[in-house]
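Visitor: The structure's right below; bear with me while I get my questions together.
The values are calculated or read from the model by the stated rules, or taken from the named source; none is laboratory data. Everything numeric here is computed off the predicted structure, so don't read it as measured data. Here the Cβ positions follow ideal geometry from the backbone for every residue, glycine too, while neighbour counts run over all protein chains shown.
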Amino acid sequence: MSIDLRNVSFWYNRGTSLEKQALNNVNLSIEKAEFVLITGEVGSGKSTLIRHFNGLLSPQSGSVTVSGIGSTSKDLRLIAGLLMQYPQKQLFGRTVFEDVSFGPSNFGLKGEALDKRVSDALYLLGLDSDISGLSPFALSGGQMRLVVLAGVMAMKPEYLVLDEPTSGIDPQNRSSLLSTLKKLHRSGISIIVVSHQICELLPLAEKVILLKNGKVAFAGTPKEYLKSVSSPLPEITLLMKELNLAGFNVNEDIFSVDDAFREIRNELEEKGVNQDE
Amino acid sequence: MNNLFLSFVPGSSLLHRLDPRTKIIGLMLSSICILEASSFVEIVLLTFVFLSLVISCKLPAMHFVRSVRPMLFFFAILFITQLLFTEGNTIYRFKWISLSYEGLLLGSIITLRFIFLLLFAALLTATTSASRITTGIERLLRPLPLRYMGISSHDLAMMMSLSIYFVPLLYDNFRSLKEAQFSRGLNIKKTPVKAIFSLSVPLVNSSLRRVEEVALAMESRCYTSLGRTSIHVMEVKKLDYLFFFLYSIFFIFYIL
């Protein structure tokens, strides 16, 4: 079971003078329980691509199948949950419960089963079950984001697709969101993240997809990404490259601060520099 | 969609070069003519004027189709009611429904009048950018003694341009909200009330925030409505005088 895209192309305003091709013959497949990072410049087609995963857009040529289901079926929305950019904007309920239960109740869940879904989702995201009676607008920005994410998770998707989840968020909430994603991934859900902040997501990802002008410019593991792609690269990798240029001999395919620290310390030890100084 | 709304077609044709005030007055005069048109001869004359303007300015036909299309349902109802409820010589009868010749005539003329109102307005928006239109309106309103009522024409124009500025923003906002709620399985047909709440509450919420942001941005740049000049320099050129001359000849004929 996987997400499969075959020769997918998509145009906006097709047939008018404002026609713009957003996706150009995209082929890719995302396996179940994979952690995928989709990156690329603004306007490279990232958001258009992920809207194909849950059927918000259907390809104008080519085909999309998610777990064997074609892109026109509404059931896709249950299989691939999509968290939009600035998700807190979509809150509407009088209570957190109403908002989180919106998704599952749209798919016909009622009564106790619905209550359980909501409390499970809140628990999964580490939210206090007491807040389900509060107004979502009374929460802090970070909590609002988690509530919307709980609303998506309450639909029990197999794939969780997130559009720029870390934009406009403070460092504390960012790291807690990232660890939540890690936790969700460990529980067997595929995570697909669209972001250009690759430094923080590369260590988590198992697969990286780079889009350029609506085409897949690279697809592979993070290590391969660092070897074969020249930009965009995480700052820590750039630092390692700079160090090598300055005469050191460190490993370049590093994207986490801890690894870099270890690498630099080893290098310094080899060179016999006293580290207490 | 952004660009499809109030779509301005950049260019340098006859109508593009005219002063917005000339075009606005022209639109007003032609609207009066359209509303007064009561025979097919006049309609044909209007069609001739319209087509010659469109062709001479090389405007895309699609723009005009788009301006009329959303109103087609309304036009259909207008036409059918005139057709059914006007008494006169029956030309067709089916059970209790009878269609009269007068109804057909009246219906088509009234519908065509509305279509032409839209088309001529589209002619203005196709050849004038929204900010030029508002500047034009501001200058036209200036002689009116509005300031004795506590309103300045500049404030009116500012309000207008801000409203125009917000329409595509609102639309974009609405579209992304719709996508978000659709992703959570919203079915407008199945649960319309829920759909209205789940879309309108966040839309109003974020719009109010947006408005506040714009107000703050204007405030922080010390916006004041007094003593401001416009980015567009209004210049009445030979071409505009020519048009005003045509307008007055036309008006004299009209009165006679």
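Visitor: Check off (1) within 17 Å of B:LEU177 (Cα to Cα); (2) free of Cβ contacts under 8 Å to residues at least 60 places away in the same chain for A:ARG117 and give me the number that stays unchecked.
Guide: (1)
Visitor: Which is in contact with a Lys or Arg (Cβ under 7 Å, 6 or more places away or on another chain) and buried (at least 22 other Cβ atoms within 10 Å of the Cβ), of A:GLY45, A:GLY81, A:GLY55, A:GLY62?
Guide: On the way: A:GLY45 fails: in contact with a Lys or Arg (Cβ under 7 Å, 6 or more places away or on another chain); A:GLY81 fails: in contact with a Lys or Arg (Cβ under 7 Å, 6 or more places away or on another chain); A:GLY62 fails: buried (at least 22 other Cβ atoms within 10 Å of the Cβ).
On inspection, the qualifying residue turns out to be A:GLY55.
Visitor: Can you tell me which of A:LYS46, A:LYS74 is in contact (Cβ under 8 Å) with a residue 12 or more places away in the chain, among the charged types (D, E, K, R), in contact with a Gly (Cβ under 8 Å, 6 or more places away or on another chain) and more than 14 Å from chain B (Cβ to nearest Cβ)? I'd like the intermediate steps shown before the answer.
Guide: Details: A:LYS74 fails: more than 14 Å from chain B (Cβ to nearest Cβ).
Criteria check complete, one pass: A:LYS46.
Visitor: Can you go through B:LEU170, B:LEU246 and tell me which one is out of contact with any Phe, Trp or Tyr (no Cβ under 6 Å at 6 or more places or on another chain), within 30 Å of B:ILE32 (Cβ to Cβ), away from chain A (no Cβ under 11 Å) and in a helix (DSSP H, G or I)? Don't jump to the end; show me each part of the working.
Guide: Working: B:LEU170 fails: within 30 Å of B:ILE32 (Cβ to Cβ).
It is B:LEU246.
Visitor: Output the number of the condition that A:SER132 fails; it satisfies all remaining conditions of (1) in contact with a Leu (Cβ under 8 Å, 6 or more places away or on another chain); (2) under 21 Å from B:LEU203 (Cβ atoms); (3) modelled with pLDDT under 90; (4) small (Gly, Ala, Ser).
Guide: Only one criterion is unmet by A:SER132, namely (2).
Visitor: Within the group B:PHE75, B:PHE8, which residue is surrounded by 13 or more Cβ atoms within 10 Å (Cβ to Cβ) and under 22 Å from A:GLY15 (Cβ atoms)? Give the derivation first.
Guide: Details: B:PHE75 fails: under 22 Å from A:GLY15 (Cβ atoms).
The unique qualifying residue is B:PHE8.
Visitor: Please report, ordered by residue number, the helices (runs of 4 or more DSSP H) entirely within the range B:55-149 with at least 2 residues that are in contact with a strand residue (DSSP E or B) (Cβ under 9 Å, 6 or more places away or on another chain). Quick ask: steps written out before the conclusion?
Guide: Values: elements: B:61-68, B:72-85, B:101-127, B:130-141.
Because the criterion is at least 2 residues that are in contact with a strand residue (DSSP E or B) (Cβ under 9 Å, 6 or more places away or on another chain), the helices (runs of 4 or more DSSP H) in the range B:55-149 that meet it are B:72-85, B:101-127.
Results for (1) among the hydrophobic types (A, V, I, L, M, F, W, C); (2) closer than 28 Å to A:THR166 by Cβ, shown as yes or no for each residue.
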position	(1), (2)
A:SER9	no, no
A:GLU19	no, no
A:ILE50	yes, yes
A:TYR86	no, yes
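Visitor: Same structure, new question: Within the range B:157-165, does at least one residue satisfy the condition of being small (Gly, Ala, Ser), touching a helix residue (DSSP H, G or I) at 6+ places or on another chain (Cβ under 8 Å) and more than 25 Å from B:LEU35 (Cβ to Cβ)?
Guide: Residues of the range B:157-165 that are small (Gly, Ala, Ser), as a first pass: B:157, B:161, B:163.
Next, from what is left, pick out any that are touching a helix residue (DSSP H, G or I) at 6+ places or on another chain (Cβ under 8 Å): B:157, B:161.
Applying the additional criterion that residues be more than 25 Å from B:LEU35 (Cβ to Cβ) yields B:157, B:161.
Among the residues of the range B:157-165, at least one is small (Gly, Ala, Ser), touching a helix residue (DSSP H, G or I) at 6+ places or on another chain (Cβ under 8 Å) and more than 25 Å from B:LEU35 (Cβ to Cβ), which makes the answer yes.
Visitor: Every residue in the range A:121-146 that is part of a helix (DSSP H, G or I), more than 14 Å from every other protein chain (Cβ to nearest Cβ) and under 22 Å from the mean Cα position of the chain (by Cα), please.
Guide: Filtering the range A:121-146 for residues part of a helix (DSSP H, G or I) gives A:121-124, A:129-133, A:136-138, A:141-146.
Still in the list and also more than 14 Å from every other protein chain (Cβ to nearest Cβ): A:122-124, A:129-133, A:142-143, A:146.
Listed by number, the residues that qualify are A:LEU122, A:TYR123, A:LEU124, A:GLY142, A:GLN143, A:LEU146.
Visitor: In addition: In this structure, does B:VAL214 turn out to be assigned to a helix (DSSP H, G or I), more than 18 Å from the chain's Cα centre (by Cα) and either more than 9 Å from chain A (Cβ to nearest Cβ) or aliphatic (A, V, I, L, M) (or both)?
Guide: Values: assigned to a helix (DSSP H, G or I): yes; more than 18 Å from the chain's Cα centre (by Cα): yes; either more than 9 Å from chain A (Cβ to nearest Cβ) or aliphatic (A, V, I, L, M) (or both): yes.
Answer is yes for this residue.
Visitor: On to the next question. Could you tell me whether any residue of the range A:192-207 is surrounded by fewer than 17 Cβ atoms within 10 Å (Cβ to Cβ), under 12 Å from A:ILE38 (Cβ atoms) and touching a Phe, Trp or Tyr at 6+ places or on another chain (Cβ under 8 Å)?
Guide: no
Visitor: I need the strands (runs of 3 or more DSSP E) fully contained in the range A:187-277, keeping only those with at least 1 residues that are of a type in the set (S, T, N, Q).
Guide: Numbers: elements: A:190-194, A:207-212, A:215-220.
Per the criteria, A:190-194.
Visitor: Looking at B:SER176, B:SER198, B:SER207, can you tell me which residue is in a helix (DSSP H, G or I), hydroxyl-bearing (Ser, Thr, Tyr), in contact with a Phe, Trp or Tyr (Cβ under 6 Å, 6 or more places away or on another chain) and within 14 Å of chain A (Cβ to nearest Cβ)? Reasoning before the result, please.
Guide: Values: B:SER176 fails: in contact with a Phe, Trp or Tyr (Cβ under 6 Å, 6 or more places away or on another chain); B:SER207 fails: in contact with a Phe, Trp or Tyr (Cβ under 6 Å, 6 or more places away or on another chain).
On inspection, the qualifying residue turns out to be B:SER198.
Visitor: Where the second residue is basic (Lys, Arg) and the first is closer than 15 Å to A:SER47 by Cα and lies in the range A:1-17, which pairs have Cβ atoms under 7 Å and are six or more apart or on separate chains?
Guide: A:TRP11/A:LYS20; A:TYR12/A:LYS20
Visitor: Picking from B:SER207, B:SER200, B:SER183, B:SER220, which residue would you name as being touching a strand residue (DSSP E or B) at 6+ places or on another chain (Cβ under 6 Å) and modelled with pLDDT of 85 or more? Walk me through it before giving the result.
Guide: Working: B:SER207 fails: touching a strand residue (DSSP E or B) at 6+ places or on another chain (Cβ under 6 Å); B:SER200 fails: touching a strand residue (DSSP E or B) at 6+ places or on another chain (Cβ under 6 Å); B:SER220 fails: touching a strand residue (DSSP E or B) at 6+ places or on another chain (Cβ under 6 Å).
Going through B:SER207, B:SER200, B:SER183, B:SER220 in turn, just one is touching a strand residue (DSSP E or B) at 6+ places or on another chain (Cβ under 6 Å) and modelled with pLDDT of 85 or more: B:SER183.
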